[in-house]
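Engineer: After the structure tokens below, expect a handful of questions from me.
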Amino acid sequence: MKWFFTSLIVIALVSSACSPGVPAQSDLSTPVIDTTSYPTMLSPQTNASQSVSGYVVNLQRAWRDGKQVYADVCFTLPDASDWTIWNANFVYGGQALSEFSLSMLSKQPATNGQPAQRCDELSFYVPPDADLSAASLTIESLGAPPSEGEYCSLYMPKIQEALNQRGLGITLGCVEVNGVLTMQIVGKPDNMSRDEAEQAVFSDEFYTVKGPWTFQVSLGQ
């Protein structure tokens, strides 16, 4: 019996030594990103200015970085309100993009006879393979949406005058709500709905400056 068990142990050891080992896993190769699909390019059109109705908009630079098109735009401020770029679009290859993100770069007060100025950075999303060799950036309007208190202190006289000139029969008034003077519609024609009256009164035309200011840019294929 001792010989039998010894033989089994020897056979097991020999079988283990001769059996193939578990193959080692090869290292996963690092994926290669085609950088040509994410181009970066600066437009040759820089520091271009346009004036519409006395308001100057300056395209300082525009560039493409992968899936984003950026533009640094400066403009003169009509007054002391919090003006910003209200509507803009980027057009390329028959496509028009009107959705954009916005961040303020700088704001300078009026000095030495020069008007106050603000600079914003706009960003549009574009596909990485978009042909931007013949594109355009248009600033449609600048805007300074008023707060509730500003409607009464700054905007109501201008809005009421415009309503009177159009013969709409809408009367405005200021009512104190929670300690703040709030502009309200106090009179309107019976055949005019409340929504129609509010659309006429709270239109963005009263706190925007219309362009357009259009700049041609070339950001490659």
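Engineer: Among the residues of the range 120-128, is any surrounded by 14 or more Cβ atoms within 10 Å (Cβ to Cβ), in contact (Cβ under 8 Å) with a residue 60 or more places away in the chain and closer than 21 Å to residue 72 by Cα?
Structural biologist: The answer is yes, given that some residue of the range 120-128 is surrounded by 14 or more Cβ atoms within 10 Å (Cβ to Cβ), in contact (Cβ under 8 Å) with a residue 60 or more places away in the chain and closer than 21 Å to residue 72 by Cα.
Engineer: I need the full set of residues from the range 53-64 which are within 15 Å of residue 115 (Cα to Cα) and of a type outside the set (Ser, Thr, Tyr), in order please.
Structural biologist: At the first step, the residues of the range 53-64 found to be within 15 Å of residue 115 (Cα to Cα) are 53-58.
Answer for the range 53-64, where residues must be within 15 Å of residue 115 (Cα to Cα) and of a type outside the set (Ser, Thr, Tyr): 54, 56, 57, 58.
Engineer: Could you tell me which residue of the range 156-179 is modelled with the highest pLDDT, considering only residues that are β-branched (Val, Ile, Thr) and crowded, with 17+ Cβ neighbours inside 10 Å?
Structural biologist: The first filter runs over the range 156-179 and keeps only residues β-branched (Val, Ile, Thr), leaving 159, 170-171, 175, 177.
Imposing the further condition that a residue be crowded, with 17+ Cβ neighbours inside 10 Å reduces the set to 159, 170.
On the way: 159: 90, 170: 95.
Out of the qualifying residues, it is 170.
Engineer: Please indicate, with yes or no, whether at least one residue in the range 118-135 is more than 21 Å from residue 43 (Cβ to Cβ), in the same structural domain as residue 51 (by TED's automatic domain parsing) and part of a strand (DSSP E or B).
Structural biologist: Narrowing the range 118-135 to residues more than 21 Å from residue 43 (Cβ to Cβ): 118.
Restricting the remaining residues to those that are in the same structural domain as residue 51 (by TED's automatic domain parsing) gives 118.
From what's left, part of a strand (DSSP E or B): 118.
Looking for residues that are more than 21 Å from residue 43 (Cβ to Cβ), in the same structural domain as residue 51 (by TED's automatic domain parsing) and part of a strand (DSSP E or B), one finds at least one in the range 118-135, hence yes.
Engineer: To continue, here is another question. Report, by residue number, each residue of the range 94-117 that is outside any strand (DSSP E or B), under 19 Å from the mean Cα position of the chain (by Cα) and surrounded by fewer than 17 Cβ atoms within 10 Å (Cβ to Cβ).
Structural biologist: Narrowing the range 94-117 to residues outside any strand (DSSP E or B): 94, 98-100, 109-110, 112-113, 115-116.
Applying the additional criterion that residues be under 19 Å from the mean Cα position of the chain (by Cα) yields 98-100.
Answer for the range 94-117, where residues must be outside any strand (DSSP E or B), under 19 Å from the mean Cα position of the chain (by Cα) and surrounded by fewer than 17 Cβ atoms within 10 Å (Cβ to Cβ): 98, 99.
Engineer: Among the candidates 141, 153, single out the residue that is of a type in the set (Ser, Thr, Tyr), farther than 30 Å from residue 59 by Cβ and surrounded by 12 or more Cβ atoms within 10 Å (Cβ to Cβ). Before you say what the answer is, go through the steps one by one.
Structural biologist: On the way: 141 fails: farther than 30 Å from residue 59 by Cβ.
When all the criteria are applied, what remains is 153.
Engineer: Right, something else. How about the range 193-221: which of its residues are surrounded by 14 or more Cβ atoms within 10 Å (Cβ to Cβ), part of a loop (DSSP other than H, G, I, E, B) and free of Cβ contacts under 8 Å to residues at least 60 places away in the same chain?
Structural biologist: 202
The values are calculated or read from the model by the stated rules, or taken from the named source; none is laboratory data. Everything quoted here is computed from the prediction, not taken from an experiment. Note that we place each Cβ from the backbone using ideal geometry, even for glycine, and neighbour counts take in every protein chain shown.
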